[in-house]
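Note sheet for the following structure.
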Amino acid sequence: MLIAKVVGSVVASQKDEKLENLKLLVLQVHGHENVPKDQYVVAVDSVQAGVGDMVLYATGSSARQTRLTDGKPCDAVVMAVVDSWDVGGDNVYEKWAG
Amino acid sequence: MLIAKVVGSVVASQKDEKLENLKLLVLQVHGHENVPKDQYVVAVDSVQAGVGDMVLYATGSSARQTRLTDGKPCDAVVMAVVDSWDVGGDNVYEKWAG
Amino acid sequence: MLIAKVVGSVVASQKDEKLENLKLLVLQVHGHENVPKDQYVVAVDSVQAGVGDMVLYATGSSARQTRLTDGKPCDAVVMAVVDSWDVGGDNVYEKWAG
Amino acid sequence: MLIAKVVGSVVASQKDEKLENLKLLVLQVHGHENVPKDQYVVAVDSVQAGVGDMVLYATGSSARQTRLTDGKPCDAVVMAVVDSWDVGGDNVYEKWAG
Amino acid sequence: MLIAKVVGSVVASQKDEKLENLKLLVLQVHGHENVPKDQYVVAVDSVQAGVGDMVLYATGSSARQTRLTDGKPCDAVVMAVVDSWDVGGDNVYEKWAG
């Protein structure tokens, strides 16, 4: 999995029927030190993530292992909203930091 | 999934029999700010996309989860035509603009 | 799928038994404007492609969806010989061009 | 598989139900000469690895072949703690080196 | 598949039980002209390859299609030892060259 920030969403009405009612999020990938990268992905939301949230997403066939994405033409899924992470003993990100 | 523009198509008569009657599109990948990248892929069309359309495509085994591509040697499928997307609260692309 | 040119072949006698009698081609990846890239892959031939042919290849589990490669430790397969393709309304490649 | 060092962990309470009770590790990828790379991944721990350990991780559908990750939306798993490795006849890393 | 040279091996005693008795090789990827790249992978050996051998390896779910790796958390397997290959009509590598 990689860490990313939810930065937007995609609207698509002409699509495979299996994708009806799935929310498509635009994610910007972040490095492990929380620096944004010039890399993005569009992922299905399975955890009611919102814009600004830091999330984890899974790709490939693993993206189809949620109840929402099972058997669907989806190769990336947001499967967790990140509360915090640490690197080298230091807290890098804290969702509820004031 | 990634966002791409349909820029062309491929004709191939000598091919695996499972690929008969599938339309092969040339896609140019775009960044989340809609800047074209020097990256392309050839994908099967499952949603009657046309040249100039902005689309989403899925790769890997997820590309075989449409009715058209099930069980076929296809690793990329166009599964949605994009109407619009936004990043950071701003509309980046609007199909019907103009 | 990506477009590539068949530039050679690999001989390997000490191999997994499932790979007996499969032809292994060396492919050089080309861009959508037909410029050769510094990227290659070795792929199983499923369509009797020859050296010099422009082909499409599929990777990952999709490479095992041909009759020849089913259930085999093969992650890339040539599944079509390209006749022609166009980009932006212009013909980029024509196999039978004189 | 690639070699990586465990450098941290991720906490996520809002997540797919299948991910309950899995430990999420932040890994920094190392080269075969043990030089850290500017590349990281978040992986599920299946072998009780700890911060500072050198590990092997597997990605894609292979990441779901452990008892802990079977059928879960997880695309990277730590499946071994590395004791040592050698390159060109020289020992590159030795866990128990004094 | 890609071509690589076997340059070393990895020892790991604390690992997923399915990985018992598998040999883990360090591979350095080579280009199609046989130039070593700054890219490596750790792969399970399924063909009794030795240090110095040029080999082919397969990745992803295809790496689990050998008798040794079936159902195991392994995403790369050496499935052939290369005898020779040619590019553009020229022999690039010959195992038994004197």
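Checking each residue in the range B:1-48 for being under 10 Å from the mean Cα position of the chain (by Cα) and among the small types (Gly, Ala, Ser) picks out B:4, B:43, B:46. Is there a residue in the range A:86-97 that is among the polar types (S, T, N, Q) and in a loop (DSSP other than H, G, I, E, B)? No, there is no match, as no residue in the range A:86-97 is among the polar types (S, T, N, Q) and in a loop (DSSP other than H, G, I, E, B). If only residues of the range E:69-80 that are more than 14 Å from the chain's Cα centre (by Cα) and farther than 11 Å from residue C:73 by Cα are counted, the one that is nearest to the other protein chains (Cβ to nearest Cβ) is E:73. Tell me yes or no: at least one residue of the range A:19-39 is at positive phi, out of contact with any Phe, Trp or Tyr (no Cβ under 6 Å at 6 or more places or on another chain) and at the interface with another protein chain (Cβ under 7 Å from one of its Cβ atoms). Scanning the range A:19-39 turns up no residue that is at positive phi, out of contact with any Phe, Trp or Tyr (no Cβ under 6 Å at 6 or more places or on another chain) and at the interface with another protein chain (Cβ under 7 Å from one of its Cβ atoms). In the range E:46-80, the qualifying residues are those that are of a type in the set (S, T, N, Q) and touching a strand residue (DSSP E or B) at 6+ places or on another chain (Cβ under 7 Å), and the one that is nearest to residue D:1 (Cα to Cα) is E:59.
For residues that are within 8 Å of another protein chain (Cβ to nearest Cβ) and in a loop (DSSP other than H, G, I, E, B), scanning just the range B:51-66, find the one that is nearest to the chain's Cα centre (by Cα).
Of everything passing the filter in the range B:51-66, B:51 is nearest to the chain's Cα centre (by Cα).
The number of residues in the range E:3-50 that are part of a loop (DSSP other than H, G, I, E, B) and either open to solvent by 40 Å² or more (accessible area, probe 1.4 Å) or not aliphatic (A, V, I, L, M) (or both) comes to 13. In summary, residue A:84 fulfils each of the numbered conditions (1) at the interface with another protein chain (Cβ under 8 Å from one of its Cβ atoms); (2) out of contact with any strand residue (DSSP E or B) (no Cβ under 7 Å at 6 or more places or on another chain); (3) not aliphatic (A, V, I, L, M) with the single exception of condition (2).
The values are calculated or read from the model by the stated rules, or taken from the named source; none is laboratory data. All figures in this text were calculated on a predicted structure; none of them were measured in a lab. In this analysis, Cβ positions are derived from the backbone assuming ideal geometry, glycine residues included, and neighbour counts consider all displayed protein chains. When the accessible area is computed, the model is the full protein with side chains, heavy atoms only, and any ligands, DNA or RNA have been set aside. Shrake-Rupley method; radii C 1.70, N 1.55, O 1.52, S 1.80 Å.
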